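First up is the structure itself, then whatever we jot down about it.
The values are calculated or read from the model by the stated rules, or taken from the named source; none is laboratory data. Everything quoted here is computed from the prediction, not taken from an experiment. Using ideal geometry, Cβ is built from the backbone for each residue, glycine included, and neighbour counts are taken over all protein chains shown.
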Amino acid sequence: MAEKQLECTVRAAAYQKAWFAQLRQDVFEKQKPYAIVQADMPLELFHTMDVPVVSNQWWAAMVAAKRLAPHYLDGLNAQGYHEGLCRYCSLSLASTIAEDPAQAPWGGLPKPALFSARLTCDCIQRVFEIWAAKLGSPFIPLDAPGSSELPPRWWELSRYRWNELFESHRLDFMVAQFHSLIARLEQITGSTFDPARLRTLMEGVNQQEEYFEEVREMICKAPKTPVRMHEQVSNVMAAQWLRGSEWAIAHARAFRDEVKNRVDAGLAACPAEKLRLMWVGAGLWHDTDFYTAFEKQYGAVFVWSMYLAFGPDGYIRYGLDDPLRALASRTVSFNEQLHNPPWANEWIVDQAKRHRIDAALVLEPLGTRPSATGNLFIERALQAAGIPVLPIVADMVDARGWNGSEMREKVGQFLTGLSSSAARDRA
Amino acid sequence: MSLTRIYTERAIHSRNGGPVVGVTSNTVPWDLLRAAGLRPVLLSPRRKETPLADRYMEDAFSGRIKAIFDFLISSEGERLAAVVIPRTSEQEHKLYLYLREVARQGLAQTPKPILYNLLHARSPEAEAYGLDRTHDLKQQLEQLTGRPIQPDALREAIAEGNAARQAIRALLQQRAGIAPRLRGSEALALIGAWYFMDRSEYALLAQQALREIETRTALEGPRILIKGSPLDSPALPAAIESHGAVVVAEDDWWGSRSAGRDIDTTMDPLRAIFEKYYFDAPSPRVFPSEISDAWFYSKASEVDGVIFYLPQEDDVLGWDYPRLRDYLGDRAIPYLMVRSDSSDEIGAFIERLRHG
């Protein structure tokens, strides 16, 4: 495991562990409700109703980081779910099916009061329905119409002109579904939904994302990146799962302060930085050391992933008179923004230029096929912008079939080629 | 021309009868397109190679969607005035986005893509949204043709479509009961042809075929239901029937479930069309599973065995398999799961069924 350069990173990990322990205690001892949801759900509604949420993808990353994914996925396959099915979104289900809390991270997931997910790819409704039946909890889906109007530079519209960026009928529909979800949350909690409280939370989310934007700008402008990519991810995602809360805002501010101090002190994550790398796709959760493996020999540093960069562009919403509609605009198009043309390719190229990226590694997750789409447009766009691309065929959570040393060698050859051509260019 | 030949050739002719519009699934309302004066035709080209699509579309897409994309961005796509793509699977929405993107970047010319945002979860919100989107599709078709769709045209198109549905149901009767007369490999072609032709012509040809089939003697052999990835080729039923079984049903939109019920002629025609495609059309996104499984549960009780077909490219229906397998196991209904139509296990399974 690579060293943690930021104190914030250590604090984020400790807080998450304590938060989950408290959640388990509240569920088991006080019968408090909590929810298991997809990462692209409007977590803000749950937070407003004081229902803690565990994100499916966060838990999958935890399981993968504990090196438990092969065991759990083998178990899933043994039950008749074939090996070609999506692994990232089903690993948490697999951990439930395994029924071994002694081995599970932090004691495992207790029974939630409900499951909820947006029906993006066709397998999500199935994974969540199976999971909900397994634990005997209700599953509340939010259906997901497809987008048909996609102005390419969406990030220039998303903060102030979100009402026109996302089609009205899609926003209306999402708000209508929010009302049904809220009614269910009111039923579960016995509390009444307060739009003013949601608005306050959304303002907090804006504040949090503004801190992240400051960090992003520092990474763009500092001579060498002050914070490694995987530490960006740890700090950002710990706050995103609790976004808008006092702790999340304070943590984002502390993260910003610590990065700023490093920039002011001239501290670089890798003083020998020569090549700035971009990681396109979800994290390689079963082998996060991969992200620091090329610093010493090649001076190659991962400086960008979507996790920090998407915060400001994807989450900030100004004009919160109708907080439900603003939240709907944050929710309806995650998939298009991150995985589909033209939004994903246009945004990633813009980010690559702003971050002075020398080369991109693009995850091609064949074990999680729905996440693999959009990649060829992204790769073509990066190459057209003069940024070399190396596709990495791997699964984000499943270490079966992953050969870390072979992949490091392959990346090394790619980086050697980059260094040679850079030297030729200089000559 | 015979229905089998029409099904096999899947030709797209720019003949008289209005501009040709491609559709990508069973959930595009044929009747509405027809009422607009268009000639809808299902796109399901058979391509061994998809060199154009391979430039932009990842291997995560199914072979069928890749073939459609390859067709649409090739010069062949120029025969179409538009292509209507439903939100009936995630891959189809992405196909829509990819078409727009190659056009936006000037990488290829494509027919005008139209997204029909029909949802399939059963909820009051999704139902209201789907009806609104059906009105929206009507407007887009009117813009495409430059003329309004009249209520009489809707009623005529519904009548034409219903006649074809009745013809299909009559063919399906020849597969029902303990003495079927129609093999699955033949039925798939006879039924599937309706996606590639005018439906008034289809009804006539199907009735002719029916008269001949009715004179046949009953087929012998274990009666099989196929469940899994939609069968746009008769290869799997042919493989099963080569071992002496009879495929009597398929739980997908190409075979037994292609027609479904008639469109209701007693209500507002546009609402009736929407309800047909929302409530009575198979889709991988129908939710909850108790609704999507209902047909399978009913049909499974009428057959001697079930063969699940989950090809290597499947990443959706495999989630349903253990649940459906357990359902059959609880009722002592024999089943087999295969990942290819050339599986060696098929013969042994049929043999076991023969010997009880």
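Taken over region B:55-91, the criterion of being in a helix (DSSP H, G or I) and within 9 Å of another protein chain (Cβ to nearest Cβ) is satisfied by B:R55, B:Y56, B:E90, B:Q91.
Considering only residues that are touching a Pro at 6+ places or on another chain (Cβ under 8 Å) and not hydrophobic (A, V, I, L, M, F, W, C), look in region B:293-326 and name the one that is farthest from B:S62 (Cα to Cα). So the residue we want is B:D304.
Is it the case that region B:210-224 has a residue that's closer than 23 Å to B:H355 by Cβ, of a type in the set (K, R) and at pLDDT 95 or above? Yes: one or more hits.
In region A:142-156 there is at least one residue that is at pLDDT 95 or above, part of a strand (DSSP E or B) and of a type outside the set (D, E, K, R).
Among the residues of region A:146-161 satisfying the criterion of being farther than 21 Å from B:Q105 by Cα and in contact (Cβ under 8 Å) with a residue 60 or more places away in the chain, which is nearest to the other protein chains (Cβ to nearest Cβ)? Step by step, filter region A:146-161, then rank; the result is A:S158. Where helices (runs of 4 or more DSSP H) fall wholly inside region A:298-351, the ranges with 2 or more residues that are surrounded by fewer than 23 Cβ atoms within 10 Å (Cβ to Cβ) and away from chain B (no Cβ under 14 Å) are A:306-310, A:323-331. Candidates in region A:369-387 are the residues that are more than 9 Å from chain B (Cβ to nearest Cβ) and under 21 Å from the mean Cα position of the chain (by Cα); of these, the one that is farthest from B:Y96 (Cα to Cα) is A:E379.
Does region B:307-322 hold any residues that are at the interface with chain A (Cβ under 7 Å from one of its Cβ atoms) and outside any helix (DSSP H, G or I), and which are they?
B:L310, B:Q312, B:D314, B:D315, B:V316, B:D320, listed by residue number.
Could you list, in sequence order, all residues of region B:1-22 that are in a strand (DSSP E or B) and either closer than 14 Å to B:D198 by Cβ or among the aromatic types (F, W, Y) (or both)?
Matches in region B:1-22: B:V20, B:V21.
Would you say B:L119 is part of a strand (DSSP E or B) and facing chain A (nearest Cβ under 9 Å)? In short, no. Just the residues that are surrounded by fewer than 18 Cβ atoms within 10 Å (Cβ to Cβ) and of a type in the set (A, V, I, L, M), please, taken from region A:367-389. Answer for region A:367-389, where residues must be surrounded by fewer than 18 Cβ atoms within 10 Å (Cβ to Cβ) and of a type in the set (A, V, I, L, M): A:A384, A:A385.
The set of residues from region B:202-218 being of a type outside the set (A, V, I, L, M, F, W, C) and assigned to a loop (DSSP other than H, G, I, E, B) comprises B:E214, B:T215, B:R216, B:T217.
For (1) closer than 24 Å to B:L38 by Cα; (2) surrounded by fewer than 24 Cβ atoms within 10 Å (Cβ to Cβ); (3) not charged (D, E, K, R), each residue gets a yes or a no:
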residue: B:A60; (1), (2), (3): no, yes, yes
residue: B:A67; (1), (2), (3): yes, yes, yes
residue: B:S75; (1), (2), (3): yes, yes, yes
residue: B:A82; (1), (2), (3): yes, yes, yes
residue: B:I85; (1), (2), (3): yes, no, yes
residue: B:L97; (1), (2), (3): yes, no, yes
residue: B:I114; (1), (2), (3): yes, yes, yes
residue: B:H120; (1), (2), (3): no, no, yes
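Region A:27-86 holds helices (runs of 4 or more DSSP H) entirely within its bounds, and those carrying 1 or more residues that are more than 30 Å from A:Y315 (Cα to Cα) and of a type in the set (G, A, S) map to A:69-78. Just one of the numbered conditions (1) assigned to a loop (DSSP other than H, G, I, E, B); (2) crowded, with 18+ Cβ neighbours inside 10 Å is not true of B:D31; which one? Unmet condition: (1). In the list A:A69, A:A98, A:A102, which residue meets the criterion of being touching a Leu at 6+ places or on another chain (Cβ under 6 Å), more than 14 Å from chain B (Cβ to nearest Cβ) and small (G, A, S)? When all the criteria are applied, what remains is A:A69.
Tell me which residues, restricted to region B:34-56, are under 24 Å from B:R104 (Cα atoms) and within 23 Å of the chain's Cα centre (by Cα).
Scanning region B:34-56 gives B:L43, B:T50, B:A53.
When every residue of region B:323-346 is checked against the conditions, none turns out to be touching a helix residue (DSSP H, G or I) at 6+ places or on another chain (Cβ under 6 Å), at the interface with chain A (Cβ under 9 Å from one of its Cβ atoms), farther than 21 Å from B:A235 by Cα and part of a helix (DSSP H, G or I). Of all residues in region B:33-49, those satisfying the criterion of being under 30 Å from B:H135 (Cβ atoms) and out of contact with any strand residue (DSSP E or B) (no Cβ under 9 Å at 6 or more places or on another chain) are B:A35, B:G37, B:S44. The residues listed here are B:Y297, B:Y309; of these, the one that is over 21 Å from A:S90 (Cα atoms) and surrounded by 22 or more Cβ atoms within 10 Å (Cβ to Cβ) is B:Y309.
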